[in-house]
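Asks: Take this structure, written in structure tokens, and hold onto it; I'll ask about it next.
Coordinate-derived values only; no laboratory data. Bear in mind that the values here come from a model prediction, so they are computed numbers and not experimental data. Neighbour counts are summed over all protein chains in view; Cβ atoms, including those assigned to glycine, are modelled from backbone coordinates with ideal geometry.
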Amino acid sequence: MEGLIEKVARGEIKLHEIEGRLSPDEGGKAVAVRRKAVEKMTGKSLWQVGSHTIDLAAVTGRNIDSPIGAVQVPVGVAGPVKVRGGSASGEYPIFLATTEGALVASVNRGCSCINKAGGATAAIIRDEMTRAPVFKTKSIKDSMAFVSWVCEHFQAIKAEAETTTRHGKLKSIAPFYIGRNVWLRFAYETGDAAGLNMVTIATQKAADYIASRQKLAKIVALSGNVCVDKKASGLNFVLGRGKTVVAEAVIPRKVLKEVLKCSPEEFAEVNYRKNLLGSILANALSFNAHQANIIAAAFIALGQDAAHVVDGSMGVTTAELDGNGDLYVSVTIPALYVATIGGGTRIETQRELLGATGAKSSRELAEIISVAALAGEISLIGALATGTLATAHARLGR
């Protein structure tokens with residue numbers, strides 16, 4: 001084995017070729033060989049990276065390529081928080097993997113507010129994953145004729161796409177035009193999977209069918225950036241992607257005073273001037289305080305694709321007085337991508353935490369995370385309203 005390590009370190013064998021140099025019963029050794037070779041190449045010990053409980057051999061090629069170990073992130077728990085939703089009903093712990101001091105404590109304070117108010121309500125408005133190939137034609141006339149052809153043959157395209165999956169259902173195809181370019185935004189139901197790979201494979205099958213049966217348009221790229229994937233976008237903000245979810249609560253004035261030490265009027269003013277006016281001035285797509293903080297930490301803890309926090313960061317926090325002088329507060333998240341099967345949910349540590357949430361479906365998980373985001377917004381806005389943000393970070397986060 002030492003000879004193999006030396007060859008890898010000298011560059012005679014590439015890092016991704018190690019598995020192929022080992023017999024089937026030695027496959028589990030590839031991670032250690034690769035890590036030791038990197039240690040020789042860099043002159044640095046990677047003992048901590050090599051100390052983990054994850055079975056990397058089982059996830060190689062599915063969740064990771066050329067693995068050398070694992071990076072550990074501290075995990076905290078906030079709550080439990082009371083949730084009333086279309087799928088979520090009960091009290092749920094909020095698991096957050098983060099290196100930011102004060103974040104878990106802040107979310108926990110927001111959970112306390114929500115619980116004392118009787119809980120939060122959550123609802124999923126839309127639930128569909130998209131993929132948008134781009135096609136080119138000779139003219140706008142051909143583009144319009146091409147879209148007409150697609151509309152006429154929707155059922156056949158749908159049947160072709162759905163041959164690739166037991167769970168995905170094609171719901172619609174929406175056209176978008178620039179010059180003689182046409183984007184077809186395919187929208188699918190994907191069950192409890194986030195569905196990114198599912199819709200990519202299904203749309204490839206549909207695009208092949210389209211290409212073979214008409215001559216008006218040729219496909220240029222399977223993903224034409226109108227999906228929109230791993231980028232903040234106005235299109236996803238308006239149309240939604242993944243789960244579009246709203247979480248809301250009415251916080252009584254006395255609870256706000258007791259937990260956050262501010263009034264509903266002070267809270268609503270901070271939200272208006274910071275999250276709304278400030279975001280408008282910044283030309284932002286995120287009209288919230290720090291929604292991405294909670295979504296990123298929950299994603300890492302629960303095996304979700306962390307890059308999708310850029311989509312999840314979009315959203316609007318509202319705060320206003322209700323008829324009784326209490327505070328109505330909500331978060332609307334137009335593009336939240338979560339799964340309870342597939343992807344990183346296969347990894348032991350993430351699977352363990354996901355099971356501990358009690359979420360039995362992706363819709364239930366989306367509602368839980370949306371309420372966690374609401375708790376984070378409540379706490380931070382309250383800290384800003386009382387001028388205690390800096391002192392909290394100095395005490396808990398330095």
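Asks: Using DSSP, restrict attention to beta bridges with both residues in the stretch 278-360 and report what percent are antiparallel, rounded to the nearest 5. Numbers along the way, then the final one.
Replies: On the way: 6 of 8 bridges.
Around 75 percent antiparallel, to the nearest 5.
Asks: Excluding same-chain residues fewer than 8 positions from LYS141, which lysines have a Cα within less than 27 Å of its Cα?
Replies: Within reach: LYS158, LYS171, LYS205, LYS215, LYS218.
Asks: What are the lysines whose alpha-carbon lies under 20 Å from the alpha-carbon of LYS261, with same-chain residues fewer than 8 places away excluded?
Replies: Of all the lysines, those that pass the test against LYS261 - Cα under 20 Å, at least 8 places apart if same chain - are LYS116, LYS274.
Asks: ARG346 to ASN283: extension gain in nm, 0.36 nm per residue of separation minus the Cα-Cα distance? Each step should come with its number before you reach the end.
Replies: Numbers: separation 63, 0.36 × 63 = 22.68 nm, distance 3.83 nm.
Stretched fully, the ARG346-ASN283 segment lengthens by 18.9 nm.
Asks: How big, in percent, is the set of alpha carbon pairs in the stretch 79-152 lying more than 19 Å apart? Walk me through the numbers on the way to the answer.
Replies: Numbers: 1650 of 2701 pairs.
Pairs farther apart than 19 Å: 61 percent.
Asks: If you place +1 on the Cβ of every Lys and Arg, -1 on the Cβ of every Asp and Glu, and leave all else neutral, what size is the dipole of the stretch 62-205 about its Cα centre, to the nearest 20 Debye? List each step's numbers first, then the result.
Replies: Values: 17 positive and 11 negative charges, 70 e Å.
Charge dipole of the stretch 62-205: 340 debye, to the nearest 20.
Asks: Report the calculated FRET efficiency for MET1 and VAL73 (r = Cβ-Cβ distance, R0 = 22 Å), to the nearest 0.05. Intermediate values should be presented prior to the final figure.
Replies: Numbers: r = 30 Å, r/R0 = 1.39.
Using R0 = 22 Å, I get an efficiency of 0.10.
Asks: In nm, to one decimal, how far is the GLU152 label point from the GLN204 one, both placed 7 Å along Cα→Cβ?
Replies: Once both label points are built, they end up 3.0 nm from each other.
Asks: Provide Rg and Dmax in Å for the stretch 282-398, with only Cα atoms included in the calculation.
Replies: Using the Cα atoms of the stretch 282-398, the pair Rg, Dmax is 15.7, 48 Å.
Asks: Pop the C-beta distance of ARG10 and ASN197 into the FRET formula with R0 = 35 Å and round what comes out to the nearest 0.05.
Replies: Values: r = 36 Å, r/R0 = 1.04.
Efficiency, from the Cβ-Cβ distance: 0.45.
Asks: (i) 62; (ii) 49; (iii) 58: which one is percent of Cα pairs over 27 Å apart as calculated from this entry?
Replies: Label of the calculated value: (iii).
Asks: Given the -39500 (n - 2.57) contribution per DSSP H run of 4+ residues, what per-residue ellipticity at 222 nm results for the chain, rounded to the nearest 500 deg cm²/dmol? All intermediate terms of the calculation are to be shown ahead of the outcome.
Replies: Details: 16 runs with 161 residues, N = 398.
Calculated mean residue ellipticity at 222 nm is -12000 deg cm²/dmol.
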